[in-house]
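Enquirer: Submitted below is the structure of interest, expressed as structure tokens.
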Amino acid sequence: MTETRIDADVVREIETRTKKFVVAVVNSNTLKLERGFLVFGKSEAPRITQKYIMNIPATDEAVRRKIAIRNPYGLPKTFRITTSHPEIVKITDQLMSVPPMGKLPCEMFFVRNSHHHQNIETLLYISDAETYVQEEAYSLTLDFEAS
């Protein structure tokens, strides 16, 4: 069996939020180039559907909060919840099965470090668990009390 290795290197940024990649397919036995591809990648800003401001008290312990994750579909749906700041926001259960047209609480912990600013904006990404397609995003403004 011949194994094929794919390497990708970023060539340069063409414009904001657009990248161009060169992908080389190399035969690992002969180390010969099998094929080459030029791949363009584009990202867009997340669609923010909810905004929350959460006050985080000055404490050495992690602070627990819950927000509702909604399923606007007429079928049960499993969502994957991730965050833009995993070092601050810890999601208790990243996979949530929400009933049709229902909602479930998403529990999270906020870890406070001494180097955190007074306010931090972080995003919660709500994605389809099967396809990883982002459904929506929630904006969380974390208002850390001064110690």
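Where a number appears in this text, it was derived from the coordinates with a stated rule and is not lab data. From a predicted model like this one, the values you see are computed outputs, not experimental measurements. FYI the Cβ positions are ideal-geometry reconstructions off the backbone, even for glycines, and counts take in every protein chain you see.
Enquirer: What is the distance in Å between the Cα centres of segment 53-67 and segment 82-108?
Expert: Answer, in whole Å: 16.
Enquirer: Which entries in K51/K103; K42/K103; K19/K77; K19/K51 show an alpha-carbon gap greater than 20 Å?
Expert: Working: K51/K103 17 Å; K42/K103 31 Å; K19/K77 32 Å; K19/K51 29 Å.
Beyond 20 Å between Cα atoms: K42/K103; K19/K77; K19/K51.
Enquirer: Could you list the residues of segment 63-79 with an amide nitrogen less than 16 Å from a label point located 7 Å from the Cα of T49 in the Cα-to-C-beta direction?
Expert: Answer for segment 63-79: 67-79.
Enquirer: Quick check on segment 85-147: take the gyration tensor over C-alpha atoms, sort the square-rooted eigenvalues as a ≥ b ≥ c, and tell me if it's rounded (a/c under 1.5), prolate or oblate.
Expert: On the way: a/c = 2.50, a/b = 2.27, b/c = 1.10.
Prolate, since a/c reaches 1.5 and a/b exceeds b/c.
Enquirer: Let me ask something else. Please report, in Å, the Rg and the Dmax of segment 42-147, where both are computed over Cα atoms only.
Expert: Expressed in Å, the Cα Rg and Dmax of segment 42-147 come to 14.4, 46.
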